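Novice: Got a structure for you, questions after.
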Amino acid sequence: MSSLTQTPLVTSDAPGEIAFGAQALEWLRDSNDPNAAYWRFVLEEGAEALAPNLKTRAALVRCAGRQWPVTVNDGGEDNSYPCSLYTQYVRYALAELSLVPSRWQRLGAWAGLRVLGFALRWAQVDRTVQWSSWLLSTNLHDPALAQDAVAVREALCSQFPNHAILIRNIHNFEDPHLCQKLEDAGYELITSRQIYFFNGQTAEFNARSDVRRDLKALKALKNYSIVEHDGFTQNDAPRIAELYRMLYIEKHSGLNPQYTVHFVERALKERLLEFRGLRNNQSGRIDGVFACFARETVTSTPFIGYDTALPAELGLYRCLVSMLLQRVAEHKLLLNYSSGAGQFKRRRGGEPSIEWNAVYIRHLPFHRRKVFEVLRDLVNGFGRSFLETNEI
C-alpha cells in the first residue's frame with residue numbers, strides 16, 4: 001500500500017502527528033506494509049543515499065491509524081523534480097527548448113521561462129512539505145488520500161507554517177472524483193504532465209500490433225536470458241545503476257533522480273523495488289533492466305535502463321517494455337507508466353490522463369499565494385492545452 005497503513009480505513013477529522021528520525025523509525029517498526037522497508041531506508045540513511053540530487057528531509061505524518069511518507073523541502077538549485085517545482089516547471093522546460101522547432105518560439109519561451117523562474121524563486125516555490133511522497137518520478141497514492149487530505153494538511157500547516165503543502169502525481173484515472181475531493185479540501189490543482197496507463201485486468205493492449213511485434217522481438221533476442229529479481233546478485237548493482245544513468249541521465253537529463261549504487265544494492269537485497277532484466281549469456285553482463293514500485297494492484301516503473309552503446313537493432317528498450325507489459329497482464333495490474341514517449345505508449349495501447357500537482361497555499365503570505373496562482377493559471381491554460389494536443 002502507498003500509505004503505511006496499520007489499521008482499517010477511518011475518515012479522519014483529528015489533526016495528525018509528525019515524526020522525524022528515531023521516532024519515525026519507531027512508528028514503522030511494527031508496520032506490515034510492503035513499502036515500509038523502502039521508507040525505512042530513506043529515514044535511516046537520508047534521501048541523498050537514494051540519489052544525491054534529492055535534497056530533502058524525510059519524515060512521517062500519522063492520522064486515523066494511517067502513516068504517510070513526508071518530505072520537507074527548503075529549496076536548492078540542484079534538486080531533482082520529485083523535490084522541486086522550480087525544476088519541474090522551469091529548469092526541465094529550459095533543458096527541453098531544443099525540441100521547439102521555431103527559433104523565435106524558442107527565444108520567446110526562453111524569455112518567458114526566465115521571468116517565471118525569477119517569480120517562482122522570489123515566492124519560494126520550493127519551500128514545500130510534500131506528503132504521500134516516495135521520492136520517485138511517480139508516487140502511487142493510497143485510496144485514503146482524500147479522506148486524510150484535511151487532517152494531514154492541518155498537521156503540516158501547524159508544524160510548517162511557511163511551507164506550501166504539496167501532493168504530486170494526482171490524477172482521475174483510478175478515482176474519477178479525486179481531483180474534486182482535493183479541491184473541496186482547499187488544494188489548488190496545477191497541471192503537471194500527461195501520463196499513460198495500461199490496464200492489465202483487461203489487457204486489451206495485447207491485441208495491439210506493436211505489442212505483438214515487441215513480444216516477437218523478445219522471443220527472437222539471441223544470447224540473452226530473462227533475469228527475475230532473485231536472479232540478480234549484489235555484483236550486478238553497479239551495472240544496473242550504470243544502465244539507468246546511460247538512459248535517464250546521459251541520454252535524457254541530469255535533472256532526473258541520480259540513483260546511487262548503494263540504493264540499488266539495498267533495493268536488490270531488501271526488495272525495495274522489484275527488478276527484472278536481460279543478461280547477456282556470453283559476457284554474463286546485464287544489458288537491460290527495469291524495476292517496479294507497487295501498491296496493491298497498481299504499479300509504476302521508476303527505474304529503467306539499457307546499454308545505449310549497443311546496436312539499436314537489438315531493440316533492448318522494446319524488449320524491456322514487452323517484459324513489463326507481460327508482467328502487468330499476468331498479474332492483472334494497473335500500470336502507471338508515467339510521462340514521455342507518448343506516441344510509443346499510445347501505439348501500444350497506453351491510455352492518456354492529465355496529472356496535477358495539488359498544493360495548499362491559503363496559509364501563506366499574499367505575494368507567495370499570488371505567484372502560485374499565476375503559475376496555476378499559466379500552466380492550466382497553455383500547458384494543459386499543449387499536453388492534450390501533442391503526443392508527448
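The values are calculated or read from the model by the stated rules, or taken from the named source; none is laboratory data. Since we're looking at a predicted model, the values are computed, not measured. Counting neighbours? That spans all protein chains shown, and the Cβs are built from the backbone with ideal geometry, glycine included.
Yes/no per residue for (1) buried (at least 22 other Cβ atoms within 10 Å of the Cβ); (2) modelled with pLDDT of 95 or more; (3) not hydroxyl-bearing (Ser, Thr, Tyr):
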position: Gly277; (1), (2), (3): yes, yes, yes
position: Gly284; (1), (2), (3): no, yes, yes
position: Val289; (1), (2), (3): yes, yes, yes
position: Arg295; (1), (2), (3): no, no, yes
position: Thr299; (1), (2), (3): yes, yes, no
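Novice: Just for helices (runs of 4 or more DSSP H) wholly inside segment 45-153: which have at least 1 residues that are closer than 23 Å to Cys179 by Cα and under 17 Å from the mean Cα position of the chain (by Cα)?
Specialist: none
Novice: How many of the residues in segment 1-27 are of a type in the set (A, V, I, L, M, F, W, C) and modelled with pLDDT under 80?
Specialist: Residues flagged as of a type in the set (A, V, I, L, M, F, W, C) and modelled with pLDDT under 80 within segment 1-27 amount to 5.
Novice: Now for a separate question. Among residues belonging to segment 28-50 that are at pLDDT 95 or above and surrounded by fewer than 18 Cβ atoms within 10 Å (Cβ to Cβ), point out the one that is nearest to Cys83 (Cα to Cα).
Specialist: If we take residues in segment 28-50 being at pLDDT 95 or above and surrounded by fewer than 18 Cβ atoms within 10 Å (Cβ to Cβ), then Glu48 is nearest to Cys83 (Cα to Cα).
Novice: Same structure again: Output the number of residues of segment 78-101 satisfying the condition of being more than 20 Å from Ser133 (Cβ to Cβ) and surrounded by fewer than 17 Cβ atoms within 10 Å (Cβ to Cβ).
Specialist: 8
Novice: When segment 329-362 is examined, which residues are found to be in a loop (DSSP other than H, G, I, E, B) and surrounded by fewer than 19 Cβ atoms within 10 Å (Cβ to Cβ)?
Specialist: Matches in segment 329-362: His331, Lys332, Ser339, Gly340, Ala341, Arg362.
Novice: Could you list, in sequence order, the residues of segment 285-321 that are of a type outside the set (D, E, K, R), over 23 Å from Glu270 (Cβ atoms), touching a residue at least 60 places away in the same chain (Cβ under 8 Å) and not in a helix (DSSP H, G or I)?
Specialist: Across segment 285-321, the qualifying residues are Tyr306, Thr308, Ala309, Gly315.
Novice: On to the next question. What's the number of the condition Ala217 fails, among (1) buried (at least 20 other Cβ atoms within 10 Å of the Cβ); (2) in contact with a Gly (Cβ under 7 Å, 6 or more places away or on another chain)?
Specialist: (1)
Novice: From Lys222, Lys251, grab the single residue that is in a loop (DSSP other than H, G, I, E, B), charged (D, E, K, R), in the same structural domain as Leu310 (by TED's automatic domain parsing) and at pLDDT below 95.
Specialist: Lys222
Novice: Report yes if some residue within segment 172-185 is touching a residue at least 60 places away in the same chain (Cβ under 8 Å), touching a Ser or Thr at 6+ places or on another chain (Cβ under 6 Å), surrounded by fewer than 21 Cβ atoms within 10 Å (Cβ to Cβ) and not charged (D, E, K, R); otherwise report no.
Specialist: yes
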